[in-house]
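Below: the structure, in structure tokens.
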2 protein chains.
Amino acid sequence: MKRTQMFVLLAVCFLCAAGGQLVNGQELLNQGRYVLLIHGGAGTILREKMSPAKEKNYRLALEKALKAGYTAIKSGRPAPEAVQAAIRVLEDDSLFNAGRGAVFTHDGKNELDASIMDGKTGKAGAVAGVTVIKNPIDAAKAVMERSEHVMMAGRGAELFARECGLTIVDPRYFYTEERWQGLQRAIREDARKSKPDHSYQGTGYPDYKLGTVGAVALDQEGNLAAGTSTGGMTNKKFGRIGDSPVIGAGTYAKNQTAAVSCTGWGEYFIRSVAAYDLSALMEYQNMPVAAAGEAVMKKIGALGGDGGLIALDQNGNAAMPFNTAGMYRAAITNDGKTEIYIYKD
Amino acid sequence: MKRTQMFVLLAVCFLCAAGGQLVNGQELLNQGRYVLLIHGGAGTILREKMSPAKEKNYRLALEKALKAGYTAIKSGRPAPEAVQAAIRVLEDDSLFNAGRGAVFTHDGKNELDASIMDGKTGKAGAVAGVTVIKNPIDAAKAVMERSEHVMMAGRGAELFARECGLTIVDPRYFYTEERWQGLQRAIREDARKSKPDHSYQGTGYPDYKLGTVGAVALDQEGNLAAGTSTGGMTNKKFGRIGDSPVIGAGTYAKNQTAAVSCTGWGEYFIRSVAAYDLSALMEYQNMPVAAAGEAVMKKIGALGGDGGLIALDQNGNAAMPFNTAGMYRAAITNDGKTEIYIYKD
């Protein structure tokens, strides 16, 4: 056992020494200290199916989110604020499945989940199944900072957000024609299937769970934070809650290890306790963040799950592994150099 | 670091060799292989405040739950069924804060949470905030076995339970006079306090979060399972979700490590990812189950949280650590010997 661990560690060190930081086979170009990573979801994102105009929009949105988080960091704001600033931009952008542009449930609603964790204090906040809070990440942060609770759901969470003075919107604010058509396609797809227990399924559409957003940040005081926000899966039923609002599954942060935000097929990330597992591998097996990220995604894949994650440690080492065709992802270093990626290679 | 680990391991081995299994300073008496552990919550349970009649009722209830789970195991049923059988008894008994006898929310409702995990398959199911399902543990098991989801909340979860043919009851079924009076006391207590942000708090009553129930089982094929069920905290607001329905926090099971069910101040167990952390300590640091359980409870205590947990490994080694004055807990070995404990000593 110990020999195996040693071997893995040596192999990882060799890879790092040989080519800098390997991020799912793709090297992060900058050698500086990363201070913010973001993702906009992992899934079947293929170059041949992407128009240049659409790709440009995604890149612009990711860059705008990076800049918002980076500005917070450079202003000396704490890591949770940088995470919040980046995620707000992605929530407000209808390209992503979070905030405006979220996918629809089977009943034609937008039910949003979000969570945030502060790596310095170990405090966390999450909201699940909210329908009228403009920026769910704001609500998650308010739960963390202004309540003794960690997780609030549904109307109760909305009442809390209202009492905190957060922006409340008509549920129609979240509507986009593209997502609505996505629901109609999913419902037609459902009707064509004949499995008798199908009404309990409906999660198998590769891209109907795409587009969760997340951010991990390292502030000027060396503190970490992580956050995630999502609209969940198209056509979801039964008040399904995915991994995004589950601390330990979709989001986790601890200064001594890493800040982590996950995206993908949520059920597998919950069963794997994915975000905390990455931290545990670093803490208990002395794995570097990149190796821990790869190990977690390998386990998810072995279970049959797919998706990706972003992770950042206190030294600015970054990892963005995924096992799908693509993941919208971007990074910025302490000196402001940005990198934006979409496909696997 | 490695020297420290070695020392801890040696110290634990010495303790085990010297006096059998140490369970929070209290030795489990039987030397046999434990097959089922249950708990009925941890909190300020003081011998001087307990009447002999009440204590007898608790002991009888715990024994009845043990027997129900044990019968399932002896009949060759899989571990999740044994967990379900034991928890159903505790849910049906109004002594415990789960199922009938659950505490009331601020709005005078009983909102129930439950979860279950199968250590063999790694599958899991959970429901949160349900109000009409007689046995929430049945619903959690149905989510695990009959859906592709892990977590369902509120009315959606209830609709699913109904479609699965589970027993649906009028919400008044859960009512008990004692819990109702408990809510009235909590509301009066609230009114006396003057903190301006108090409406977001209300979790500080030591025993208003007491009484979550849970079970961990080892079946005849050597498979593990864990489950937890609760009514949450008296006077809870804002759709608060505690650790009980959160896989990794309140419940976790993996054949290679342990089955774990937690009880206590849920927010601390979520932030600590407590149940999975116990498993990670066993898997990544080769800790025995008892040492891992103690380590997890020590971390919860260091954060300011309180509660306890039960954990069982594939060899029938058991741990039931807690850092409160008492925890309703019981264990049964493969040969049917039972042990029932309430206080610390």
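Give the lysines reachable from B:K64 as a straight Cα distance under 23 Å; neighbours fewer than 8 places away on the same chain don't count.
In chain and number order, the partners are B:K54, B:K56, B:K74, B:K134, B:K141, B:K337, B:K344.
Could you sort B:D107, A:D113 by accessible area so the largest value comes first, with the probe set to 1.4 Å?
B:D107, A:D113
Quick one: angle between helix A:177-192 and the longest Cα principal axis of chain A, in degrees between 0 and 90, rounded to 10, please.
80 degrees
For A:R185, place a label point 7 Å from Cα along the Cα-to-Cβ direction in every copy; what are the distances to the other copies, in nm, shortest first?
Label-point separations across copies, in nm and ascending: 5.8.
Using only the heavy atoms of the protein chains and a 1.4 Å probe, how would A:K67, B:K64, B:K141 rank by accessible area, largest first?
I get B:K64, A:K67, B:K141, largest accessible area first.
If the cut-off is a Cα-Cα distance under 18 Å, which lysines reach A:K299, setting aside same-chain residues fewer than 8 apart in sequence?
B:K120, B:K123, B:K254
Which log10 I(q)/I(0) values does chain B give at q = 0.15 Å⁻¹ under the Debye formula, counting every alpha carbon as one identical point scatterer?
Values, matching the q order: -1.20.
Tell me the angle of helix A:289-303 to the major Cα principal axis of chain A, expressed in degrees between 0 and 90 and rounded to the nearest ten.
Helix A:289-303 and the main axis of chain A meet at about 50 degrees.
Please list, short to long, the whole-number percent of alpha-carbon pairs of the range A:60-134 in consecutive 10 angstrom bins beginning at zero.
Percent of Cα pairs in each bin: 19, 42, 32, 7, 0.
Around B:E283, with a cut-off of 12 angstrom between Cβ atoms, what is the net charge of the other residues, counting Lys and Arg +1 and Asp and Glu -1?
The answer is -1.
Run through the other copies and list how far each one's label point is from that of A:E163, in nm with one decimal, shortest first; the point sits 7 Å from Cα along Cα-Cβ.
Sorted ascending, the copy-to-copy spacings read 3.4 nm.
Other chains' Cβ within 10 Å of A:230-238 residues: what's the mean?
Going residue by residue through A:230-238 and averaging, the value is 3.
List for the range A:239-257: residues with 20 Å² or greater reduction in accessible area, all protein chains versus chain alone, probe 1.4 Å?
Flagged in the range A:239-257: A:G239, A:R240, A:I241, A:V246, A:I247.
Would you kindly derive the ³J(HN,Hα) couplings of the range A:133-150 from the backbone phi angles with the Karplus curve 6.51 cos²θ - 1.76 cosθ + 1.60 (θ = phi - 60°), listing them in order in whole Hz, with x for Gly and Pro?
8, 4, 10, x, 5, 5, 5, 4, 5, 5, 4, 5, 8, 10, 9, 8, 8, 10
Under the definition of partner shielding as Cβ atoms of other protein chains within 10 Å of a residue Cβ, what is the mean value for peptide B:126-136?
Mean shielding by partner chains, rounded to a whole number: 2.
At a probe of 1.4 Å, how much accessible area disappears from chains A and B on forming the pair, both sides counted, to the nearest 100 Å²?
Buried area between the two chains comes out at roughly 4300 Å².
Rounded to the nearest angstrom and ordered from largest down, what semi-axes does the equivalent ellipsoid of the range B:200-322 get from its C-alpha gyration tensor (root of 5λ)?
Semi-axes from the Cα gyration tensor: 25, 15, 11 Å.
Considering the Cα positions of the protein assembly as shown, please state its Rg to one decimal place and its Dmax as a whole number of Å.
Both quantities, over Cα of the protein assembly as shown: 23.9, 77 Å.
Placing a label point 7 Å from Cα toward Cβ, how far apart in nm is A:S51 from its equivalents in the other copies, listed shortest first to one decimal?
Here the equivalent label points are 7.6 nm apart from this one.
Residue-wise, which Karplus ³J(HN,Hα) couplings in Hz belong to the range B:118-127, taking 6.51 cos²θ - 1.76 cosθ + 1.60, θ = phi - 60°, and x for glycine or proline?
Using θ = phi - 60°, the values come out as 9, x, 7, 9, x, 7, 8, x, 8, 10 Hz.
Assigning unit charges at the beta carbon (Lys, Arg +1; Asp, Glu -1) and nothing else, what dipole magnitude in debye, to the nearest 20, does chain A show about its Cα centre?
440 debye
Quick one: 3J(HN,Hα) in Hz for the range A:58-66, Karplus 6.51/-1.76/1.60 with θ = phi - 60°, rounded, Gly and Pro as x.
3J(HN,Hα) across the range A:58-66, in whole Hz: 4, 5, 5, 5, 5, 5, 4, 5, 4.
Can you list the residues, at least 5 places off or on another chain, whose amide H is less than 5 Å from the amide H of B:F104, using H built in the peptide plane?
B:L183, B:N235
As I understand it, the dipole of the protein assembly as shown uses +1 on the Cβ of Lys and Arg and -1 on the Cβ of Asp and Glu, about the Cα centre. Which of A:T71, B:S75, B:G108 lies farthest toward its positive end?
B:G108
May I ask which residue of B:V169, B:A42, B:A215 lies farthest towards the positive end of the charge dipole of chain B, with charges of +1 (Lys, Arg) and -1 (Asp, Glu) on Cβ and the Cα centre as origin?
Going by the charge dipole, the pick is B:A42.
Quick one: dipole size for the protein assembly as shown, taken about the Cα centre, charges +1 on Lys/Arg Cβ and -1 on Asp/Glu Cβ, in debye to the nearest 20.
200 debye
Placing +1 on the Cβ of each Lys and Arg and -1 on the Cβ of each Asp and Glu in the protein assembly as shown, which of A:I241, B:M233, B:I187 has its Cα farthest towards the positive end of the resulting dipole?
B:I187
The values are calculated or read from the model by the stated rules, or taken from the named source; none is laboratory data. All values derive from a computational prediction rather than experimental measurement. As a convention, Cβ positions derive from the backbone with ideal geometry for all residues, glycine included, and neighbour counts pool all protein chains shown. What goes into the accessible areas is simple: the full protein's heavy atoms, side chains included, and nothing from ligands, DNA or RNA. Shrake-Rupley method; radii C 1.70, N 1.55, O 1.52, S 1.80 Å.
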